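Visitor: What follows is a structure written as C-alpha cells; I'll ask about it next.
Read the figures in this text as sums done on the coordinates, not as results from a lab. Bear in mind that the values here come from a model prediction, so they are computed numbers and not experimental data. Here the Cβ positions follow ideal geometry from the backbone for every residue, glycine too, while neighbour counts run over all protein chains shown.
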C-alpha cells in the first residue's frame, strides 16, 4: 500500500480526529484557558507518538511561564535532507459568540465545510501534515528526516518562539523549514507564499488642555485635540491613496514585470472583493491592482480612535486628549524603526504648536519576508501541488505578517516553504470560522507528495 492510498483509506478516521482536535478550546490569549492549551499540547504529542514519531516531548517556554511547545522527530533517513515542519494548535477567542451560527467548539459539517474555531487557523492544516507523516510512516515510505514543532502561542504573537529557536538551534538543525500556516488563492487554485508584509504599530496621542473643558466657556479659544488628530490623520494620505510620510517609499521594493504577471493569475475579480467585504467600492493606491495593493504595497491604517464623550446623550466638552492606534504594513525592504522616524518627522512638520503629541510603539513589530522562490524545496512543493490539484500553483504575496516565518529564516538560517490550504473567506479570527474539507484531504496528499519530492531531490 502506498502512502497516498493509506491517506485515502483513513479519511473517515482523519475527519473524526480533526473534530476531536477542533473541540479543544485552546485559546492562548485567555488565562482561563491555560489548561486547555496544555490539553491541546498533550493531544498533539499523543497523536505524534501514536503514528510513530520519536523523541516526542512537551517543552515549556519562558521557564514555564509561557504556553507549551510540542517537539518530535524521525531521523532514520541517512544522507537525506531534514525537514522541520511548523504548526500551531492555539486559537483566537470566539467573541462575539452570539454571531456564531454553530457552537465554536462543537465542530459542525455543513455540505463540504467544517465550522469551528481554529478550523482554518490552523488546526486543519496542522492535522493535515500530521496525517501525511502518519501515511508515510505507516507504509514505511518516509525517506527524509523530519522534525516537528507545534506551538501554543502563535495567536499572541509567538513571544517565546524566537528564544526557543535560539536555545535549541542544534536540536532544530535542518535543511529546510515547512510552514503550514498559510492559504490558497481559491478552492481549486493552490499557491505558494513567497512574501509576507511586515508590521509597525503605533499609538499617537494628542494633548490639549490639562483636563476636559466646558465647550461653551472655552470653545473658540482652545484648539480641540480631536480636530487636530483628525486633520493629522487625514493628511497621511494624498488624493492618489499614497502615504505622505517623508521618504516613506524610498525603501519599497518594486515588483518585477514577471511578478505582476504572476499576481494577475489571482482569480478574484474587483466585484468579488466588493462582495466579500460589503463595501460600496474599492479604494487604494492608484496604479496598482487590488491583489498588488493587498500583498506588495505598504499601507497605513487607523485601527482605533478614542476621544471625548461617547456615552448616551450629550455632554458639551472640549476633550483634553485624543488617541489613535495606527498600523503600517511594510514590504521589503522597509524597516519598522525607520517608519517610526518617518511618522515622527511627519508629525513634527504638521502638528500645530497649540498642542503636544506623543508617539509610542505598540505590539510586536517585524520586517517583511521575501523567500527564495528558486530553491529546490520550493520546486518540490510546486510539483506536489500541481500533482494534487492538476494546475500549477500561483506564487503569492500575502498582506499579513506571520512572524514565525521570519524567525525560522533568521534563527535557523534555512529556506522556508510556506504552503497551506486555507481560503481568504474562511472567517479566520471571526465568527463562523470554517474550512473546505476537500482541501483538507488534498492538503494531506500534497504534504505526502512534498516529502516524497524532497527525498527524490
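Visitor: Given the Cα-Cα distance of residue 62 and residue 256 and 0.36 nm per residue of separation, how much length would full extension add, in nm?
Guide: Once the chain is fully extended between residue 62 and residue 256, it gains 65.6 nm.
Visitor: For residue 354 and residue 215, FRET efficiency with R0 = 22 Å and r from the beta-carbon atoms, rounded to 0.05?
Guide: 0.85
Visitor: I'd like the FRET efficiency for residue 247 and residue 325, computed as 1/(1 + (r/R0)^6) with the beta carbon distance as r and R0 of 22 Å, rounded to 0.05.
Guide: So, using R0 = 22 Å, E works out to roughly 0.40.
Visitor: How far, in nm, would the chain grow between residue 362 and residue 78 when pulled straight, counting 0.36 nm per residue and subtracting the alpha carbon separation?
Guide: Using 0.36 nm per residue and subtracting the Cα-Cα distance, I get 97.6 nm.
Visitor: Give me the one-decimal nm value for the distance between modelled label points at residue 410 and residue 109, 7 Å along each residue's Cα-to-Cβ direction.
Guide: Distance between label points: 4.2 nm.
Visitor: Quick one: the Cα spread of segment 1-114 along its three principal axes, in angstroms, biggest first?
Guide: Extents along the principal axes, in whole Å: 54, 43, 20.
Visitor: So, one more: Could you check how many percent of all C-alpha pairs in segment 393-457 are farther apart than 21 Å?
Guide: 43 percent
Visitor: Any idea how far apart residue 5 and residue 188 come out in nm if each label point goes 7 Å out from Cα toward Cβ?
Guide: 2.9 nm
Visitor: Tilt of helix 336-350 relative to the longest C-alpha principal axis of the chain, in degrees (0 to 90, nearest 10)?
Guide: 20 degrees
Visitor: Suppose only helical runs count, i.e. DSSP H with n ≥ 4. What mean residue ellipticity at 222 nm does that imply for the chain under -39500 (n - 2.57) per run, divided by all residues and rounded to the nearest 500 deg cm²/dmol?
Guide: -10000 deg cm²/dmol
Visitor: Let me ask something else. Work out how much length residue 375 to residue 171 would gain on full extension: take 0.36 nm times their residue separation and subtract the Cα-Cα distance, in nm to one decimal.
Guide: Contour length minus Cα-Cα distance gives 71.1 nm.
Visitor: Per residue Cα convex hull volume for segment 66-166, in cubic angstrom?
Guide: Here the figure is 121 Å³ per residue.
Visitor: A further question on this structure: Note the angle between two axes, namely the Cα long axis of helix 124-138 and the longest principal axis of the Cα atoms of the chain, as a number of degrees from 0 to 90, rounded to the nearest 10.
Guide: On a 0 to 90 degree scale, this one is about 20.
Visitor: Using a cut-off of under 11 Å, list every residue of segment 156-200 whose amide N is near the label point 7 Å from the Cα of residue 240 along the Cα-to-beta-carbon line.
Guide: none
Visitor: Can I ask one more? Could I get the Rg over Rh figure for segment 119-222? Both from C-alpha atoms, Rh via Kirkwood, rounded to two places.
Guide: In segment 119-222, Rg relative to Rh is 1.28.
Visitor: Counting every Cα pair in the chain, what percent are over 27 Å apart?
Guide: Above the 27 Å cut-off, the chain has 58 percent of its Cα pairs.
Visitor: On to the next question. If you count the DSSP beta bridges with both ends in the chain, what percent of them are antiparallel, to the nearest 5?
Guide: Here the share of antiparallel DSSP bridges comes out near 70 percent.
Visitor: Using only the alpha-carbon atoms, how far is helix 225-234 inclined from the longest principal axis of the chain? Give it as 0 to 90 degrees, nearest 10.
Guide: Taking the Cα atoms of the chain, the angle to 225-234 is about 50 degrees.
Visitor: If you don't mind, there's one more thing I want to ask. So what is the relative contact order for segment 371-425, in percent, with contacts set as C-alpha pairs under 8 Å and at least six apart?
Guide: With pairs under 8 Å counted, the relative contact order is 40 percent.
Visitor: Ranking request for peptides 118-124, 68-74, 400-406, 426-432: highest mean number of other beta-carbon atoms within 10 Å first, then the rest in descending order.
Guide: Going from most to least packed, we get 118-124, 68-74, 400-406, 426-432.
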